1. Checking the condition open to solvent by less than 50 Å² (accessible area, probe 1.4 Å) and either in contact with a strand residue (DSSP E or B) (Cβ under 8 Å, 6 or more places away or on another chain) or not small (Gly, Ala, Ser) (or both), which residue from Cys152, Cys178 passes?
2. Within the bounds of segment 378-397, is there any residue that is part of a loop (DSSP other than H, G, I, E, B), closer than 21 Å to Ile66 by Cβ and either in contact with a Lys or Arg (Cβ under 9 Å, 6 or more places away or on another chain) or of a type outside the set (Lys, Arg) (or both)?
3. Looking at segment 346-373 only, could you name the residues that are modelled with pLDDT under 80 and open to solvent by 10 Å² or more (accessible area, probe 1.4 Å)?
4. Scan segment 204-227 for residues that are open to solvent by 40 Å² or more (accessible area, probe 1.4 Å), farther than 19 Å from Ile165 by Cβ and touching a residue at least 60 places away in the same chain (Cβ under 8 Å) and jot them down.
5. Within the set of pairs 6+ apart or on separate chains, which have a first residue in segment 35-64 that is closer than 16 Å to Leu24 by Cα, a second that is charged (D, E, K, R) and assigned to a helix (DSSP H, G or I), and C-beta atoms under 7 Å apart?
6. May I ask you to list the residues in segment 188-203 that are free of Cβ contacts under 8 Å to residues at least 24 places away in the same chain and open to solvent by 70 Å² or more (accessible area, probe 1.4 Å)?
7. Hey, does segment 273-290 have a residue that's out of contact with any Asp or Glu (no Cβ under 7 Å at 6 or more places or on another chain), of a type outside the set (Phe, Trp, Tyr) and within 30 Å of Ala153 (Cα to Cα)?
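The values are calculated or read from the model by the stated rules, or taken from the named source; none is laboratory data. All values derive from a computational prediction rather than experimental measurement. All Cβ positions, even for glycine, are placed from backbone atoms using ideal geometry, and neighbour counts span all protein chains on display. These area figures cover heavy atoms from the full protein model, side chains too; ligands, DNA and RNA do not enter into them. Shrake-Rupley method; radii C 1.70, N 1.55, O 1.52, S 1.80 Å.
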Amino acid sequence: MDKSIRFRRSIQHIEEHLHDSIHLEQAAQAGFTSLMQLYRDFYTYTGHSVKEYIRKRRLSSALSLIKCSELPLAEIAYSCGYSSQQALCKGVKSATAMTPLEYRKSEAYYYFPRFDTNAVRQVTVMQETIPMAIWVKFYHPKLQGIEHQALCALRSLLPEYQGRIFGKNGQQLGSRFCYEISVEYDPAVLNKLRNSVFLEASVLPESSLTFAKTTVKNDEQEIGLAWNYLYYSWLKTSMFTQDNESYFEEYIQKAGAVKKLVLYMPVTRRKDYNKISLVNCESMLFLVSSREGVHAEEEASQAVMNYLSRHNPGAIRRARQFYVARAGMNCTCGIRIEQELLGLPPDSGFENVRHEAGSYAVIESGCCSDSGVFEALLDTWINESGFNKGSQPAFTTYETDGTFEAEAIKTRVWIKLENVKNG
């Protein structure tokens, strides 16, 4: 039986007994696996420990009842597997910073979905000690293949070196790209590196951090896909958030050749839940353009900016909200405008798109990233909460305060709802 199918059976057992006493040994047996393997699989597939998953699922169910029913808190607590009303109140306060009654009256909806997807890559989370190391910078006029160039330079300089090798992207200097590379500390090695093609040698002490790790074969495209999966899929639905420390890669060599890489992403346990709001807003108008293909988003957004820079530069200066909607390989991008632009060139791909006033389910993220994960999460919440989606497609807005710094950009995914009370 496929491993993912076995894991789904364990999940099914947990979901069927979510509000009862869950015996994890029985959950493991349901998936024809061992208890220790179940613990490992939970991190790999969901980004959560099994106990954290159960806790969040129970709380998500309880929060739904608090918001949508008139049941007493004690009844909600016991029906969702809590030992007491006090335990429920403590869980709600910890997750939302509100009491249950404050949460019932608020506009916020905190939600944690049932796991229902397949893991694309094996991910493990563990604390690991990185040895005392020498970090140096390698500069090259071309970005593509810079890692390979840095490794070749290192092997040429240190042909007998057998220790661990780490690497990460560095900051570009003028027209030269940078790749930072690291080896285990040795005074003799440090002297060789200081008098070589490598620059800015520094020694970092031994450190212990919690990492999310995945292993990938030494292929540039595969490495990029693996990093994207860690950042934009696994991390967004896990119990972790990225730590302030830098990510890096470790090269696994065999017979002098790099066969695999281990990707290290420092993480820390997240304290928040996904926050969903019901927003009753006025209509929103955007000037948009659509393109299709691998570079559709870049091409569509550039087309809009080029058109406005020639015909209405003031709209760009005033812009604070940018629009993205996807359908397969097609991507529509645009900018929020105050009134319809007339005289758009025929067959140019430009159009005025208006999203009507009404009630929207909205999920917000502080990061500027692929919104597909959040759209799927929001869609699941709508279905589980009994709302009806409107005919308008989901869309994403990226909102800035005008500085365009990454930390100042808010990502919001919007789905129009129908027949919402007071909507």
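1. Cys178
2. Looking through segment 378-397, at least one residue is part of a loop (DSSP other than H, G, I, E, B), closer than 21 Å to Ile66 by Cβ and either in contact with a Lys or Arg (Cβ under 9 Å, 6 or more places away or on another chain) or of a type outside the set (Lys, Arg) (or both).
3. Just the residues of segment 346-373 that are modelled with pLDDT under 80, to begin with: 346-348, 365-373.
Across segment 346-373, the qualifying residues are Pro346, Asp347, Ser348, Ser365, Gly366, Cys367, Cys368, Ser369, Asp370, Gly372, Val373.
4. Listed by number, the residues that qualify are Ser208, Thr210.
5. Leu35/Glu25
6. Asn191, Arg194, Asn195
7. no
The rows are residues; the columns are (1) among the small types (Gly, Ala, Ser); (2) over 22 Å from Cys178 (Cβ atoms); (3) touching a strand residue (DSSP E or B) at 6+ places or on another chain (Cβ under 8 Å).
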{"site": "Glu200", "(1), (2), (3)": "no, no, yes"}
{"site": "Ser208", "(1), (2), (3)": "yes, yes, yes"}
{"site": "Asn228", "(1), (2), (3)": "no, no, no"}
{"site": "Phe240", "(1), (2), (3)": "no, yes, yes"}
